[in-house]
Amino acid sequence: MPTRFFNTYSRELEEFRPLDPSGKRVKLYTCGPTVYNFAHIGNFRAYVFEDLLQRHLEARGFDVERVMNLTDVDDKTIRGCRQLGVRLADFTQKFKDAFFEDLGTLRVKRAQHFPAATDYVAQMIEMIRVLMEKEIAYQAEDKSLYFRLSKFPEYGKLAHLNLDELRPGVRVQSDEYEKENIGDFALWKAWDENDGDVKWDSPWGPGRPGWHIECSAMATALLGPELDIHCGGVDNIFPHHEAEIAQSESVTGKKFARYWMHNAHLMVEGQKMSKSAGNFYTLRDLLAKGWTGREIRYALITVNYRLPLNFTFDGLAAARSALGRIDEWAARLADRAASAILPDELPAQFASGIAAFFTDLDEDLNISGAMGRVFDLIRDTNRALDAGEISAGIAVGILEGWKRIDSVLGLEREAHNPSPEALALVEQRQIARTNKQWAESDRLRDAIAALGWIVKDTKDGPKLTPNP
Ligand code: AMP
Ligand code: ZN
């Protein structure tokens with residue numbers, strides 16, 4: 001069965017085939033954060049969805065080259081650094097660092113490239129120069145440069161807007177982007193005193209790039225003129241992605257992106273979670289309340305990306321209990337598997353359950369179907385374990401299947417390895433036991449427990465399990 005994705009451009013499920021002639025290499029561009037604050041978990045819904053996409057493609061044998069940009073110059077970052085009276089680069093660095101830390105907490109795989117807009121201003125100027133040469137861009141009286149929409153009749157196709165109905169100059173209401181005008185959009189914003197010392201020289205005078213040209217330039221510089229997949233939240237469709245298409249295709253003459261995938265929003269009481277609405281939690285807020293990155297990842301990843309996700313603490317509690325169930329099951333299997341190394345052939349029921357996890361994801365990342373397979377597998381193996389029907393070799397085989405599944409989910413319990421200190425105490429305890437020093441042995445057992453490990457004495461020697 002082929003992998004199919006819902007393409008915002010066509011509004012249809014389409015079979016996914018990358019442009020690369022070998023059919024393996026996938027060029028993926030994902031719009032990243034504006035680094036003027038800590039990202040909220042609505043933003044992370046987008047990044048976790050993109051992580052699921054990348055990991056599933058990799059599980060299907062594709063070689064994904066991913067770019068995620070950092071918007072480190074725009075109105076908000078300039079406002080932030082001016083308020084604090086610090087340099088733009090110093091202001092954004094703190095939020096860049098925090099962002100990478102948060103991605104780690106949520107187990108999002110690192111993209112190959114995290115370009116910062118301020119490192120690509122030369123490429124942006126070059127694109128604008130080509131647009132000027134083609135008379136698609138023009139410099140207005142305010143010295144800023146604009147994209148002449150009348151030169152790009154395709155504008156509006158991604159968002160399925162009928163441009164005839166939109167009179168020039170009409171403002172389009174869409175959350176925080178209401179400033180954007182359906183009329184010509186800015187490519188280069190001429191410097192004014194509100195920008196302080198944030199400015200770059202250009203053939204058209206000092207200024208700074210517009211947000212849309214940032215992504216066009218970084219995507220083209222790193223992945224070339226043709227992307228396979230371009231992602232973002234639905235709020236990015238218009239005008240941001242529409243503008244990216246207009247700029248990039250006008251410069252290169254090539255189709256900019258072949259599949260457009262957009263995640264629905266994370267909602268709080270029926271409203272989009274956003275900084276401007278003030279109804280947001282950062283990842284740090286939730287960690288401070290005692291939730292783990294793994295639990296938050298579970299809550300974000302397990303709702304199909306095109307459905308709105310209602311954020312609640314009950315949802316996080318459900319994530320916690322689902323993970324507990326998975327952990328208990330995996331520990332049971334690991335126990336059963338302890339005496340085998342090679343897997344036995346899996347009974348068809350288990351093998352097909354594992355395979356179905358991936359075929360569900362092939363259908364536009366149907367994660368709720370796929371998670372259903374995981375819990376079916378858990379229920380069936382638990383029953384079979386109760387009935388004594390699972391050999392050690394089958395347990396190894398199921399655990400291998402789970403490992404493949406988890407290469408996509410990224411939900412495995414943190415690997416617990418005993419510290420060298422704990423291992424040294426285990427060794428001392430063995431010596432004490434050999435010498436029949438039982439009191440000393442008990443003292444060491446407690447000391448090991450205090451380090452987070454329970455020692456069980458088995459016929460194969462001491463075995464450590466995490467102290468819950
Ligand atoms: P921004 O920093 O606002 O440009 O947003 C970064 C990414 O997060 C974009 O792909 C947005 O579409 C996405 N995003 C913003 N708010 C939400 C939300 N409440 N739910 C899901 N995705 C969001
Ligand atoms: Zn973008």
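The values are calculated or read from the model by the stated rules, or taken from the named source; none is laboratory data. Model, not experiment: these values are computed from the prediction. Backbone-built Cβ (ideal geometry, glycine too); neighbour counts: all protein chains shown. Ligands, DNA and RNA are excluded from the accessible area calculation, which covers all protein heavy atoms including side chains. Shrake-Rupley method; radii C 1.70, N 1.55, O 1.52, S 1.80 Å.
Tell me the residue from Val35, Val26 that is among the hydrophobic types (A, V, I, L, M, F, W, C), touching a Lys or Arg at 6+ places or on another chain (Cβ under 6 Å) and either free of Cβ contacts under 8 Å to residues at least 24 places away in the same chain or in the same structural domain as Asp90 (by TED's automatic domain parsing) (or both), please.
Just a single option satisfies the conditions, and that option is Val35.
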*Subset of segment 234-259 (residues that are within 16 Å of ligand 2 (Cβ to nearest atom) and charged (D, E, K, R))*: Asp235, Glu242, Glu244, Glu249
*Are any residues in segment 421-444 basic (Lys, Arg) and either part of a helix (DSSP H, G or I) or more than 19 Å from Lys459 (Cα to Cα) (or both), and if so, which ones?*
Arg429, Arg433, Arg443
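Among the residues of segment 396-414, is there at least one that is within 36 Å of the chain's Cα centre (by Cα), under 20 Å from Ala319 (Cβ atoms), outside any helix (DSSP H, G or I) and of a type in the set (A, V, I, L, M)? It would help to see each step written out before you state the result.
As a first pass, look at segment 396-414 and keep what is within 36 Å of the chain's Cα centre (by Cα): 396-414.
Within this subset, residues satisfying the condition of being under 20 Å from Ala319 (Cβ atoms) are 402, 405-414.
After this cut, where a residue has to be outside any helix (DSSP H, G or I) as well, the list is 410-414.
Now restrict to residues that are of a type in the set (A, V, I, L, M): 411.
Yes: segment 396-414 contains one or more residues that are within 36 Å of the chain's Cα centre (by Cα), under 20 Å from Ala319 (Cβ atoms), outside any helix (DSSP H, G or I) and of a type in the set (A, V, I, L, M).
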*Taking segment 90-116, which residues are more than 15 Å from ligand 1 (Cβ to nearest atom), touching a strand residue (DSSP E or B) at 6+ places or on another chain (Cβ under 9 Å) and assigned to a helix (DSSP H, G or I)?*
none
*asked:* Suppose we keep only residues that are at pLDDT 95 or above and of a type in the set (Ser, Thr, Tyr) within segment 310-342. Which one would you say is nearest to the chain's Cα centre (by Cα)?
replied: Thr312
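When only residues in segment 209-232 that are open to solvent by 10 Å² or more (accessible area, probe 1.4 Å) and of a type outside the set (Ser, Thr, Tyr) count, which is nearest to ligand 1 (Cβ to nearest atom)?
Start the filter on segment 209-232 by keeping residues that are open to solvent by 10 Å² or more (accessible area, probe 1.4 Å), which leaves 211, 220-222, 224-226.
Pick out the ones that are also of a type outside the set (Ser, Thr, Tyr) and you get 211, 221-222, 224-226.
Details: Trp211: 8, Ala221: 20, Leu222: 18, Gly224: 22, Pro225: 22, Glu226: 21 Å.
Per the stated criteria, the residue is Trp211.
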*asked:* Any residue in segment 65-76 that is farther than 16 Å from Val121 by Cα and modelled with pLDDT of 95 or more sitting within a Cβ distance under 6 Å of a residue that is within 10 Å of ligand 1 (Cβ to nearest atom) and open to solvent by 10 Å² or more (accessible area, probe 1.4 Å)? List the pairs, counting only those 6 or more apart or interchain.
replied: Met68/Gly32; Lys76/Thr34; Lys76/Tyr36
*Residue among Glu244, Glu295 that alone is within 14 Å of ligand 1 (Cβ to nearest atom), touching a helix residue (DSSP H, G or I) at 6+ places or on another chain (Cβ under 6 Å), open to solvent by less than 50 Å² (accessible area, probe 1.4 Å) and in a helix (DSSP H, G or I)*: Glu244
*asked:* Quick test of your reading of the structure: Gly205 fulfils all but one of (1) away from ligand 1 (no atom under 16 Å from the Cβ); (2) assigned to a strand (DSSP E or B). Name the failing condition by number.
replied: (2)
*Within segment 121-138, which residues are surrounded by fewer than 20 Cβ atoms within 10 Å (Cβ to Cβ) and assigned to a loop (DSSP other than H, G, I, E, B)?*
Lys134, Glu135
*Single condition Gly32 does not satisfy, out of (1) buried (at least 20 other Cβ atoms within 10 Å of the Cβ); (2) within 10 Å of ligand 1 (Cβ to nearest atom); (3) part of a helix (DSSP H, G or I)*: (3)
*asked:* Looking at Ser407, Ser419, can you tell me which residue is more than 30 Å from Val303 (Cα to Cα) and open to solvent by 10 Å² or more (accessible area, probe 1.4 Å)?
replied: Ser419
*Output the residues belonging to segment 260-290 that are of a type in the set (Val, Ile, Thr) and either at pLDDT below 95 or within 16 Å of ligand 2 (Cβ to nearest atom) (or both).*
Val268
*Glu154 is checked against (1) under 23 Å from Asp235 (Cα atoms); (2) surrounded by 16 or more Cβ atoms within 10 Å (Cβ to Cβ) and fails just one. What number does that condition carry?*
(2)
*For segment 252-276, name all the residues that are outside any strand (DSSP E or B) and either open to solvent by less than 50 Å² (accessible area, probe 1.4 Å) or closer than 20 Å to Asp51 by Cα (or both).*
Thr252, Phe256, Ala264, His265, Met273, Ser274, Lys275
*So, in segment 68-97, of the ones that are open to solvent by less than 10 Å² (accessible area, probe 1.4 Å) and of a type in the set (A, V, I, L, M, F, W, C), which residue ends up farthest from ligand 2 (Cβ to nearest atom)?*
Cys81
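So which residues in segment 139-166 are in contact (Cβ under 8 Å) with a residue 40 or more places away in the chain, under 19 Å from Ile245 (Cα atoms) and outside any loop (DSSP other than H, G, I, E, B), if there are any at all? Reasoning before the result, please.
Going residue by residue through segment 139-166, those that are in contact (Cβ under 8 Å) with a residue 40 or more places away in the chain are 139, 142-147, 149, 151-152, 154-161.
Still in the running and under 19 Å from Ile245 (Cα atoms): 145-147, 149, 151-152, 154-161.
Selection gives Leu145, Tyr146, Phe147, Leu149, Lys151.
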